[in-house]
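This report concerns only the one structure given below.
Nothing in this text is a laboratory measurement; each read-out follows from the coordinates by a stated rule. Just so it is clear, the model here is predicted, and its values are computed rather than measured. Positions of Cβ are generated from backbone atoms using ideal geometry, with glycine treated the same way; all protein chains shown enter the neighbour counts.
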Amino acid sequence: MYSGLLGLGYMGLAVLLAARFRWVEEKVKGLDKSYKLHKNLGIGAMVSLFSHWLIIKSGQWLVGSGILQRPSRGPQPEIEGMNWHAIAEHVGDISFKVFLIFSIISLVQAISYKKFKFTHKIGGLLMFAGIFHTVLLLDWNIGTIPMNIAIAIISIVGIWCSWLSLSGSIGKKNKADGKVGNVKAYAVQSDQNMAVRFSINLESDISYKEGQFAYLNFHDGESPHPFSVLNFDAENRLIEFGVKDLGDYTHKLVNNLKAGQKVTVEGGYGSFQIPEFEKQVWVGAGIGIVPFISRLYWLKRKTEKQQVKLKEVHLFYCVNSEKEAFFRNEILSLIQRLDFIELHLVNAESGEPLDSVQIIEKVKSKNFDICFCGPQQFGEILKTGLNAAGVSENRFHTELFKMR
Ligand SMILES: Cc1cc2nc3c(=O)[nH]c(=O)nc-3n(C[C@H](O)[C@H](O)[C@H](O)COP(=O)(O)OP(=O)(O)OC[C@H]3O[C@@H](n4cnc5c(N)ncnc54)[C@H](O)[C@@H]3O)c2cc1C
């Protein structure tokens, strides 16, 4: 029962995170971190439910092979002629096997995101099945009261969040419809575009903080994809994005996006806001520069009205080649009035990719907060290097561009 309770608890927390409540997102410091936690909770549920299934089955196997004697449990309770106990066991057994396949599909990266997303919809049904199984097999005596209270709480949360998921209500309050406005494509050599920058005219407001991202749904049969907001002009309800060709869907988007296309924006999500510290390093690698541009727009608006606390910001824009520095001019024009921000363009083609030594040399200090957005491995290398040089890991803030 304890292994089952643990599995149910992990599942309950995982569906709570999946419901994208703002207060939950704040607690876990951003939706991107919430997804990572959701994945770890899913793995926890898989391990505990596998142990639960194995413990139960091994008892039955030992009885079957004659090593153990079947304990006498008295007659099975029947309600209106139905053996609900046996039904609950059966539901538990089947749903556990489905959960196992579901977990494998979720974890194996080779399975496309589309298939993963499609099968993930049954997560809510699995939660219902788990609750049904648990509640019907509850042990009713004084000693199990604390456990039953825990099960009741998990069940209420689980049913509520699963219902939101199954009824398609997640994120409903954070959605705004709009139409694509300006589209600017960037190509390096070939006739294929590499990135695109576009605006969306929204019909209603969204809540937004600098550095956040939003889900874009172009109503083309594909599930909404997350993209960082490049700029949001709340007064004119104009929101802008920068997207790079990173896979199947973004390839089509970058090459086919047209003004006038209908789109639904859901957001903003994420906690990639500017830290409090006066001295900062920002590293945007490739399309990872987008949330930093949104910070620049936000700072520009803010400095027009009041003094900001920041004293010194080093913005490292890392690109594969000069030609891929699509946003350099935009950044230069934005920082004209933000004299505490210095741009360092790091071009990998020049043979000197960014590392912790270069950062410390440019900043001439080890006392700074660092924000990173870009390939995960690159971030890990910088974090480890800076940590070894004496910049604590706590000062390293990242936005995870990964949802699975
Ligand atoms: C918080 C966040 C902010 C991001 N901001 C930007 C940005 O500003 N500009 C930009 O160009 N890219 C951004 N990305 C990355 C972008 O979302 C992915 O590159 C894009 O979704 C990949 O889709 P694809 O089908 O083209 O690639 P595929 O090759 O099909 O997929 C590659 C991987 O992308 C992920 N992915 C695919 N579809 C989705 C989806 N619907 N939702 C979530 N993940 C998916 C999966 O992990 C998949 O394995 C951001 C990602 C996150 C999580």
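Points worth noting:
- Pairs of Cα atoms farther than 15 Å apart, region 136-187, %: 69
- The lysines whose alpha-carbon is closer than 26 Å to the alpha-carbon of K305, local same-chain residues fewer than 8 away aside, are K209, K279.
- For region 186-205 versus region 330-404, the gap between their alpha-carbon centres in whole angstrom: 26
- Classified by the C-alpha gyration tensor, region 279-399 has an oblate form. Its axis ratio a/c, with a ≥ b ≥ c, is 1.5 or above, and a/b does not exceed b/c.
- As a proxy for reagent exposure, M1, M11 were ordered by neighbouring Cβ count within 10 angstrom, fewest first; the result is M1, M11.
- With eigenvalues of the C-alpha gyration tensor scaled by 5 and rooted, region 172-269, Å: 22, 14, 12
- GNM result for the chain, Cα springs below 10 Å: residue of L345, L68, L16 fluctuating most strongly: L68
- For region 1-143, a Kirkwood radius taken over Cα pairs fed into Stokes-Einstein (20 °C, viscosity 1.002 mPa s) yields D = 126 µm²/s.
- For region 312-326, backbone nitrogen atoms closer than 12 Å to the point 7 Å from V188 Cα along Cα-to-C-beta are found at 319-326.
- For the chain, the spread of Cα positions along the three principal axes, ordered from largest to smallest, is 82, 51, 44 Å.
- What you get for the chain, charging only the Cβ of Lys and Arg (+1) and of Asp and Glu (-1), is a dipole of about 280 debye around the Cα centre.
- In this structure the amide hydrogen of L230, modeled in the peptide plane, comes within under 5 Å of the amide hydrogens of E240, F241, G242, none closer than 5 places in sequence on its chain.
- Ordering Q192, I331, Q307 by the projection of their Cα atoms onto the charge dipole of the chain, which places +1 on the Cβ of Lys and Arg and -1 on the Cβ of Asp and Glu, puts Q307 at the extreme positive end.
- Paramagnetic reach from I104 in region 130-151 [backbone N under 19 Å; point 7 Å along Cα→Cβ]: none
- Value at 222 nm in deg cm²/dmol, rounded to 500, when DSSP H runs of n ≥ 4 in the chain each add -39,500 (n - 2.57): -14500 deg cm²/dmol
- Pairwise label distance in nanometres, I94 with M82, each label 7 Å out on the Cα-Cβ vector: 1.3
- Fewest-first ranking of W163, W61, using other Cβ atoms within 10 Å as the exposure measure: W61, W163
- Per-peptide packing, taken as the mean over residues of other Cβ atoms within 10 Å, places 139-146, 189-196 in the sequence 189-196, 139-146 from highest down.
- Residues within the reach of a label modelled at V357 (point 7 angstrom out along Cα to beta-carbon, backbone nitrogen below 20 Å), restricted to region 370-404, are 378-392.
- Relative exposure of Y317, Y215, Y113, judged by other C-beta atoms within 10 Å (fewest first): Y113, Y215, Y317
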